[in-house]
Amino acid sequence: MTSNKLFISYPSESWNFAQRIAEALAPRIEQSIFIDYRSIDQADFAASILSHLRESDAVLLVVTDFTFADIHRDNDWVRLEIRTALEHAIPIVLVRENGLLPPKDLPDDVRAVSRSQGVPFYRE
């Protein structure tokens, strides 16, 4: 059973951009939007994030200069969210700031994200 939920994944340095996307989408879609700082509903931050992610119908991955900076670290949150979405066959859509794409040297467990469809966003 789907929950009609959209999960927004982003690096913490891109919070303002991710929040603007969530605010712009909210009145335009029928799905609820999960963005971590506003939507945490459990005392355990990690459990809340991963629970909401697994219940989501799709993931918007905000791709900025910071998104893949720590992707080779096992404990990187963006990596964990991408891997979880891929493991649960949750569609991932890239929101590509300034047309950025995922790098070619992604770790094996998240490499498939580079095949995700995306929408480029430019400042102008």
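Bear in mind that the values in this text are calculations on the coordinates, not laboratory data. This one's a predicted model, so the numbers in the text were calculated from it and none came from an experiment. When we count neighbours, we look across all protein chains shown, and the Cβ atoms used for this are built from the backbone with ideal geometry, even at glycine.
Packing order of peptides 19-27, 71-79, highest average first: 71-79, 19-27 (average count of other Cβ atoms within 10 Å over each peptide's residues).
What FRET efficiency would be calculated for the residue pair Trp15, Arg115, taking the C-beta separation as r and a Förster radius of 30 Å, to the nearest 0.05? For R0 = 30 Å, the calculated efficiency reads 0.65.
Given Cα pairs under 8 Å that are at least 6 residues apart, what percent is the relative contact order of the range 1-118?
Relative contact order comes out at 28 percent.
Starting from the Cα of Asp65, move 7 Å in the Cα-to-Cβ direction to define the label point; list residues of the range 11-35 whose amide nitrogen is under 17 Å from there. Within reach of a label on Asp65: 11-18. For the range 20-124, the gyration tensor built on C-alpha atoms gives an oblate shape. Its axis ratio a/c (a ≥ b ≥ c) is at least 1.5, and a/b is not larger than b/c. Placing a label point 7 Å from the Cα of Ala58 along the Cα-to-Cβ direction, the residues of the range 73-97 whose backbone N falls under 13 Å from that point are 90-95.
What number, rounded to the nearest 500 deg cm²/dmol, is the helix-based mean residue ellipticity at 222 nm of the chain, given -39500 (n - 2.57) per DSSP H run of at least four residues and division by all its residues?
So the helix-based figure for the chain works out to -8000 deg cm²/dmol.
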